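Each remark here refers to the structure printed beneath this line.
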Amino acid sequence: MSKYQIAETKTFEKVKKKIDKKLYLKIENFVYPQLRENPFYGTNIKKLKDNLEGYYRYRIGNYRLFYLVEGDKLIVAVIDFRLRQQAYD
């Protein structure tokens with residue numbers, strides 16, 4: 001059974017409409033199950049620093065999926081999804 005629940009923010013809901021369907025299926029079928037089990041550690045997971053402290057990013061090719069973990073509620077809040085070149089502006 002999964003430890004964490006995935007919650008997509010309104011910002012991500014808007015971005016999701018623009019994402020290629022194949023790419024979103026990859027997020028839904030591969031990334032989300034991994035985040036449900038352990039959103040803190042993985043080969044594509046990095047804890048962010050400085051002005052993005054508290055956030056995590058998941059690398060998916062040239063894209064970055066940004067999220068927060070609400071540990072007390074066991075929720076992974078998916079915040080945004082961007083191309084790497086635009087991700088840290």
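The values are calculated or read from the model by the stated rules, or taken from the named source; none is laboratory data. Since we're looking at a predicted model, the values are computed, not measured. Here Cβ is always computed from backbone atoms with ideal geometry, including for glycine, and neighbour counts include all displayed protein chains.
Please pick out the residue among Leu35, Leu52, Leu25, Leu65 that is farther than 16 Å from Ile79 by Cα and among the aliphatic types (A, V, I, L, M).
Numbers: Leu35 fails: farther than 16 Å from Ile79 by Cα; Leu52 fails: farther than 16 Å from Ile79 by Cα; Leu65 fails: farther than 16 Å from Ile79 by Cα.
None of the others qualify; the one that does is Leu25.
Could you list all residues from the stretch 59-87 that are at pLDDT 90 or above, more than 15 Å from Ala7 (Cα to Cα) and surrounded by 12 or more Cβ atoms within 10 Å (Cβ to Cβ)? Within the stretch 59-87, Arg59, Ile60, Tyr63, Arg64 qualify.
Considering every residue within the stretch 68-79, establish whether at least one is among the basic types (Lys, Arg) and within 12 Å of the chain's Cα centre (by Cα). Within the stretch 68-79, not a single residue is among the basic types (Lys, Arg) and within 12 Å of the chain's Cα centre (by Cα).
Six or more apart or on different chains, Cβ atoms under 7 Å: show the pairs whose first residue is in the stretch 56-74 and free of Cβ contacts under 8 Å to residues at least 40 places away in the same chain and closer than 17 Å to Leu23 by Cα and whose second is acidic (Asp, Glu) and surrounded by fewer than 21 Cβ atoms within 10 Å (Cβ to Cβ). Going by the 7 Å Cβ cut-off, the qualifying pairs are Phe66/Asp80.
A search for C-beta distances below 8 Å between a residue of the stretch 1-27 that is under 20 Å from Pro39 (Cα atoms) and any residue that is acidic (Asp, Glu) and part of a helix (DSSP H, G or I), counting only pairs 6+ apart in sequence or on different chains, returns Ser2/Glu37; Lys3/Glu37; Tyr4/Glu37.
For the stretch 35-52, how many residues meet the condition of being touching a strand residue (DSSP E or B) at 6+ places or on another chain (Cβ under 6 Å) and of a type in the set (D, E, K, R)? So the answer is 2.
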